[in-house]
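The values are calculated or read from the model by the stated rules, or taken from the named source; none is laboratory data. None of the values given here were measured: they were computed from a predicted structure. Cβ atoms come from the backbone with ideal geometry, glycine included; neighbour counts cover every protein chain shown.
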Amino acid sequence: MYPDKNFNQNVDRNQQQSRPTPDTDFFATMVKKGITPQFIKDAEICGEYLVREKLTTSQIRRIFGHVKKIESFEDPKKFIPQLLLLKPLLAYTAKRNSPVMYLKNITDKAIDAVTDEEIQNDKEKQLARFRLFCNGFEAILAYHKAKGGKD
């Protein structure tokens with residue numbers, strides 16, 4: 001007796017359904033509260049999810065390249081406008097490549113946490129959140145690559 005042709009497809013579908021889908025607020029929460037063991041778990045889940053969604057390393061690295069350029073700024077008056085410009089870049093990239101949509105959603109919320117109006121007069125807090133944003137994005141990128149992200 002030959003196995004059902006659809007057997008492997010059904011197994012793959014069942015495995016994908018049992019894998020967790022990351023929360024869209026975990027990155028913004030980390031930017032506000034700091035790096036925690038829960039963030040590390042969520043970043044790992046996020047990296048794995050992005051691999052499953054077929055986000056390529058070059059797609060995520062293109063965005064990360066912009067983050068690294070912005071990271072050199074120490075003054076919120078310089079890094080905030082550049083950080084805000086990541087939103088349209090992500091929107092454009094997400095429109096062209098649907099796997100980027102999840103990354104866009106979590107990154108937009110994290111950018112909002114850095115540019116929050118309640119801390120706009122506190123340069124130290126803005127800088128601290130911005131550094132957390134950069135570190136968090138790098139963690140997501142690292143887990144994406146570790147989980148098998150390919151070009």
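Tabulated data for the structure shown
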read-out	value
When residues of the stretch 119-149 are limited to those that are among the acidic types (Asp, Glu) and part of a helix (DSSP H, G or I), the one nearest to PRO22 (Cα to Cα)	GLU138
Selection within the stretch 73-87 - surrounded by fewer than 19 Cβ atoms within 10 Å (Cβ to Cβ) and within 20 Å of ILE140 (Cβ to Cβ)	GLN82, LEU84, LEU85, LYS87
Residues located in the stretch 40-65, provided they are surrounded by fewer than 22 Cβ atoms within 10 Å (Cβ to Cβ) and closer than 15 Å to LEU132 by Cα	ILE40, PHE64
Total residues in the stretch 37-88, condition among the hydrophobic types (A, V, I, L, M, F, W, C) and under 13 Å from the mean Cα position of the chain (by Cα)	13
Residue count for the stretch 90-112, restricted to those that are more than 14 Å from the chain's Cα centre (by Cα) and either surrounded by 12 or more Cβ atoms within 10 Å (Cβ to Cβ) or closer than 17 Å to MET30 by Cβ (or both)	2
Cross-chain or 6+ apart pairs with Cβ under 8 Å, the stretch 26-55 first and β-branched (Val, Ile, Thr), then modelled with pLDDT of 95 or more and surrounded by fewer than 18 Cβ atoms within 10 Å (Cβ to Cβ)	ILE35/ASN135
Where a residue in the stretch 122-151 is farther than 24 Å from VAL51 by Cβ and in contact (Cβ under 8 Å) with a residue 12 or more places away in the chain and its partner, wherever it lies, is of a type in the set (Val, Ile, Thr) and surrounded by fewer than 19 Cβ atoms within 10 Å (Cβ to Cβ), with Cβ under 6 Å and at least six apart	GLN126/ILE119
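Conditions (1) closer than 22 Å to GLY47 by Cβ; (2) in contact (Cβ under 8 Å) with a residue 40 or more places away in the chain, marked per residue:
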position	(1), (2)
LYS77	no, no
LYS87	yes, no
TYR92	no, no
ASP108	yes, no
ALA113	yes, yes
